[in-house]
Structures are given as C-alpha cells and as structure tokens.
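Novice: Structure in structure tokens, see below.
The values are calculated or read from the model by the stated rules, or taken from the named source; none is laboratory data. Since the structure is predicted, the reported quantities are computational estimates derived from the model, not experimental observations. Here the Cβ positions follow ideal geometry from the backbone for every residue, glycine too, while neighbour counts run over all protein chains shown. Please note that ligands, DNA and RNA were not included when accessible areas were found on the heavy atoms of the full protein model with its side chains. Shrake-Rupley method; radii C 1.70, N 1.55, O 1.52, S 1.80 Å.
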Amino acid sequence: MALAKNGAEIPLLPKSEQTLFTRENQQLILRAVFNVSTSIVGAGIMSVPATLKVLGVIPAFVLIILVALLVDISVEFMLRVTYRGDSKTYAALMNESFGKTGSVAVQICIMITNLGCLIMYLIIIGDVLSGQGEHLGVLQEWFGIHWWNSRNFAILFIVLFVMLPLVLYRRIESLWLSSALAVLLAIVFVVICSVMAITAILKGKTVSPRMLPKMDDETSFFNLFTAVPVIVTAFTFHFNVHPIATELGKPAAMSSAVKISLVLCAALYFSIGIFGYLLFGDSIMPDILVNFDKSSGTSAISSMLNDVLRLSYAFHLVLVFPLLNFSLRANLDELVFPKKPFLATDTKRFVCLSLVLLAFSYVAAIFIPSIWYIFQFMGTTTGVCIAFIFPGAIALRDVHGISSRKDKIIAMIMIVQAVVTSFITIATNIYNMSGNRP
C-alpha cells in the first residue's frame, strides 16, 4: 500500500496481483513454519514427559504455555528492532544495542547452546541405534552385538554419510524440504505414542497421571524448578530467527510463522508429555526413547512399533541437525573471522568449519553419558540468556526509540523471572548433586 498526500491508502498492485502476492506469502510462511518448527522441536521433546513426572500434568501444561508466550514476545522484540535497523544476525542486533561486548556474549551463548544441542542429537541417535548400558539399540536387537553396530561406529557412520552432506548446504532455505519432513516425523512420533497410550488405556495398563506435583518434603518445591530448563531449552530457537527472517524478507510473514510454529510445537510437546506419562508413569526416563526398548516390559507396545517409533525420531534429529549447525557455524565464523568475506562465498573456510564442528560433536557425544546434564546446564545459562535475557535487554535499551512503556515493563519482568528461576534451579541442582537430596 502507498500513502497519498491526504493520507489515504492507495493500492500499489491490482487486485489480482495482490491475490497472487498473498498466495506467495502463504507459501513463504509455510516454508518458514517448517524451518522454525524444526529449529524448535529437537531433543527437548524427549525430556518433556519427564517434566510431567516432576511437575504434574497441570503445572507442566501451564509452564509450556507460559514459556511459549514469553518466547513469542521475545522474538517479537528481536524482529521489531531488526527490521528498524540493519542487523542481519543476532550478534549484529546485540552489537547495535551493547557494542562489541554484547555481540561476543550472544555469539558465545549461541555457540554453546547449539553445540550442546548437536551433541544431544548424536547421543540420542546413538541410544536408538546401539543402546546404552542394559538397553539394547535397534541394530543390536536386529543383528546381535557386533563391532560394526557399536555406539562409536554407528554414530560415526551417521556423521560421515548422512550429517556431512546435509551440513554442506550453504543456504538455510535449501533445507526447507528436509525441515518439512522433520516436522512430519515429529508428528508421526506423537501419533504413534498416542495410539500406544490409547491402546494401553483400553487394556487397563496405564498409570493414573498425577495432576499436581508431589510435595512430601522441604526440597520438593525447589526441585520443581529443575523442569524449567528443559522447557526453556525446548523452545529456544532465537539463533535461527535472523537466517530465516532474512531469506523470508517480510516482517509480518515471519511474525506469523513464529506464532504458528509455537502453537504447533506447544501442542506436540504437551501431547508427547501426557501420552508418555500415561505409558510409563514415574518410571519414565529423561530420554523417553530409552523406555521403548524390549527390556521396558510394556506389553502394550509391539516390537515393530518400538522400532518404528525410535527410528522415526532418530531420523527427525538427523534432519534437524543441519539447521542448528547452520547457526552455530555462522556465529563461530563471525566471531573468529569478523573481517573475512561472507562464509558461503569462501569454500575452504566453509568446509573446514563444518568438519571441525562435526568432529567435535562426535567426540563429545561418545564421552557424555546423558542428555539430562546438558539440558540442565544450557537451560539455566546460555539458553535462558538467548531466549529471554538478551531480547529483554534489547527492548529496554531501545536504541531506535520504538519500545513502549508496556514493552519495557514486560521486558523487565522477563529478565527478572529468568534470572531468579535460573538461580534457584542452579542452586537446587548443586544441592542435589552434593548428595543432600532426600
């Protein structure tokens, strides 16, 4: 639309062309929804059922909705300032408000968070294919235990022949089709879990879900806060806001894509949480896929569905991996090589960074035993900074003078609740790890 001198709005395009433009917008939004949703739904969905065990069904539902709403607000803060200025990355956005210190801070947080997620993905894929401890993986159940289906070799094979070709894509838009498939696989995962849960209900083999948390000692209240980092990490995708928004090129379309994605992912998270909890109750593991092996003793689950369920989500993580790697690689390049040409134009630097990140992720996945430790660390430090503290600080700084009084109040509340919650969670985890947990 254009403004005439008298302030009236005059359409720049004929009606038919406007309709075509709207259709193009819808296609762009759909692609952005796939990329945003894939960035959100990663390893977090595996630990959401465990948060229901800690919180109970009702508080967990409230927490998922609250975090999704806060994430929507924080992304809106970022987009508003981004389109008013010239920032093309999250680091550049922080540089506008806080200079080099802010830029480096967000780059470090993004790199730690994304690297942690990539490591978690490889850990889960290793759990699915080769098992861990007393739990056998799919390959071991099918073919027996051999050197070629050991955890180390299975993950290495996936990294070299599946991950490497995907991470060598130079444009994030090129990944939209794999993102669409990844979202579909996440939905399939939830559908299969729901079918299993309904079957178990009909056979009377489910447990009664606890609606509210069990408060039987003084530390139980503070233990509730340990579920928060899992949900925060599960919704943290701010590091991919700029790559997706830049290629989309339309502020309103990006805002719509984010809202649709958050609604979709919140529904997926709560669905898998409640169905997983119905199936396994308080015996649920931090990685719910571990519960689906043959040794779980859940008679309502057939061997074939077990394998389909685990493999479908492992494949989902394989497709999510390049999206997070894209953001990690871009931020690492911007931090280490700030004066070099654009990364996608320098083949040697692009390939070298990709290989280094893959190699480090592989080595870390071999030595770190559980995804729960990574969730607790990231969700209380780098994750909460990326999702809430930095966007809130940008709104308060307001270098373009566009934040309203209401925006600044919300930003302050967001920062305070993030800091307080993280402090309590860290203190509780330290207390529990010290052996004082009752």
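Novice: Can you give the relative contact order of the chain as a percent, counting alpha carbon pairs under 8 Å and 6+ residues apart? Each step should come with its number before you reach the end.
Specialist: On the way: 575 pairs, mean separation 144.5, N = 438.
Worked out over the chain, it gives 33 percent.
Novice: Which helices pass in the chain if a helix is a full DSSP H run, must span at least 20 angstrom along its long axis by Cα, and must have mean Kyte-Doolittle hydropathy not below -1.0?
Specialist: Values: long enough: 15-40 (36 Å, -0.22); 57-84 (41 Å, 1.89); 90-130 (47 Å, 1.28); 176-202 (39 Å, 2.60); 251-280 (43 Å, 1.69); 303-336 (48 Å, 0.89); 347-367 (31 Å, 1.74); 405-431 (39 Å, 1.08).
Long hydrophobic helices here: 15-40, 57-84, 90-130, 176-202, 251-280, 303-336, 347-367, 405-431.
Novice: Further question: Given the options 411, 252, 186, state which has the largest fluctuation in a GNM of the chain using a 10 Å cut-off (strictly under) for Cα springs.
Specialist: 252
Novice: Take every Cα pair under 8 Å in region 366-438 that's 6+ residues apart, average their separations, divide by the length, and report that relative contact order as a whole percent.
Specialist: Computed over region 366-438, the figure is 33 percent.
Novice: Can you give me the convex hull volume of the Cα atoms of region 332-415, divided per residue and expressed in Å³? Mind dumping the intermediate values first?
Specialist: Working: hull volume 10.9 nm³, N = 84.
Cα convex hull per residue, to the nearest whole number: 130 Å³.
Novice: For the chain, modelled as a Gaussian network with Cα springs under 10 Å, which listed residue fluctuates most, 41, 188, 232?
Specialist: 188
Novice: Here's a follow-up. Given +1 on the Cβ of Lys and Arg, -1 on the Cβ of Asp and Glu, and no further charges, what dipole in debye does region 69-175 carry about its Cα centre, rounded to the nearest 20?
Specialist: Here region 69-175 has a charge dipole of around 420 debye.
Novice: Follow-up. Could you work out which residue, out of 223, 35, 240, moves most in a Gaussian network model of the chain, that is, has the largest mean-square fluctuation with Cα springs under 10 Å?
Specialist: Looking only at 223, 35, 240, the biggest GNM fluctuation is shown by 223.
Novice: Take every Cα pair under 8 Å in region 69-133 that's 6+ residues apart, average their separations, divide by the length, and report that relative contact order as a whole percent.
Specialist: Relative contact order here is 17 percent.
Novice: Report, in cubic angstrom per residue, the convex hull volume of the C-alpha atoms of region 40-129. Walk me through the intermediate numbers first.
Specialist: Details: hull volume 10.6 nm³, N = 90.
Here the figure is 118 Å³ per residue.
Novice: Please list 53, 259 in order of solvent-accessible area, largest first, computed with a 1.4 Å probe with all protein chains present.
Specialist: My answer, sorted largest first, is 259, 53.
Novice: Could I ask something else about it? Nearest 20 debye, what's the magnitude of the dipole of the chain about its Cα centre given +1 on Lys and Arg Cβ and -1 on Asp and Glu Cβ?
Specialist: 700 debye
Novice: If you don't mind, there's one more thing I want to ask. When the Debye formula is applied to the Cα atoms of region 69-171, each taken as the same point scatterer, what base-10 log of I(q)/I(0) results at q = 0.10, 0.14, 0.22, 0.23 Å⁻¹?
Specialist: -0.50, -0.74, -1.11, -1.16
Novice: Sorted by average packing, counted as other Cβ atoms within 10 angstrom per residue and highest first, what order do 79-92, 321-334 take?
Specialist: 321-334, 79-92
Novice: Quick one, which of (1) 66, 50, 41; (2) 83, 58, 41; (3) 74, 51, 47 is the actual Cα extents along the principal axes in Å calculated for this model?
Specialist: (3)
Novice: To continue, here is another question. How high is the FRET efficiency between residue 420 and residue 211 when r is their beta carbon distance and R₀ equals 25 Å, given to the nearest 0.05?
Specialist: Efficiency for this residue pair is about 0.45.
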